[in-house]
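A short write-up of the structure that comes next.
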Amino acid sequence: MYLALSMYSKEEAKVIREEFWDRFRSLSTRRRTRKKLPGNWMLNNTGVRAMNLRFHVDRKVAQVGIDLETRNMDQRLELYEKLESVRKILEEAMGEPMIWEIEYIRENGKSVSRIYLQKEGVDIYDRETWKDAHNFMFEKMMNLEAFYREYRDFFKYG
């Protein structure tokens, strides 16, 4: 059943978003522990300043990818070009071609560079789509983290 966001108060919408992320965190922790991995995702702890692994979910899509977040455009371009140089390896690790945007504008208006995959047809406010969103996010972030762990030193400055 698809309900328009306008049918929820701000507080109800917040509770639903929190439930979505709580369920995903619980599922991820259980699955990662079984694989003998840390319960938490790497995300902002990449060891490379300005490079973060990201989840995003809204009314239309779920995304998993890499955000390059710095106002220093030279640094951002350097990281973006390094990613482009291993594009084939990255996309093989992810199992499909990725979307490459040198300037991606987030909902908050912040400009970042983003390399990502997305799954359409999911909605953070529609619990019936959560399983698909969670499975997509888990599988793709596992692949992205594995790639990143292998190539982390390549992305470090110096």
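Read-outs throughout are calculated quantities, based only on the coordinates presented, and are distinct from any laboratory measurement. Predicted model only: the values in this text are computed from it and were never measured. We place every Cβ from the backbone using ideal geometry, glycine too, and count neighbours over all the protein chains shown.
The table for this structure:
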item: Listed residue pairs exceeding 31 Å between alpha carbons, taken from LYS35/LYS110; LYS88/LYS131; LYS14/LYS156; LYS14/LYS82; LYS10/LYS36; LYS82/LYS131; result: LYS35/LYS110; LYS14/LYS156; LYS14/LYS82; LYS10/LYS36; LYS82/LYS131
item: Cα gyration tensor, the stretch 1-76 - rounded (a/c under 1.5), prolate or oblate; result: oblate
item: Relative contact order %, the chain, counting alpha carbon pairs below 8 Å whose residues are six or more apart; result: 26
item: Angle in degrees between helix 73-85 and the longest Cα principal axis of the chain, rounded to the nearest 10; result: 90
item: Per-residue Cβ neighbour rank within 10 angstrom, fewest leading, ILE16, ILE89, ILE124; result: ILE89, ILE16, ILE124
item: Anisotropy class of the stretch 35-84 from Cα gyration tensor, a/c 1.5 cut; result: oblate
item: Mean ellipticity per residue at 222 nm, deg cm²/dmol - from DSSP H runs of n ≥ 4 across the chain, formula -39500 (n - 2.57); result: -15500 deg cm²/dmol
item: Rounded to whole Hz, the Karplus (6.51, -1.76, 1.60) HN-Hα couplings of the stretch 33-45, x for glycine and proline; result: 5, 4, 8, 6, 10, x, x, 8, 6, 5, 6, 7, 9
item: P(r) tail fraction, the stretch 41-155 - alpha-carbon pairs more than 21 Å apart, %; result: 35
item: Fewest-first ranking of HIS134, HIS56, using other Cβ atoms within 10 Å as the exposure measure; result: HIS56, HIS134
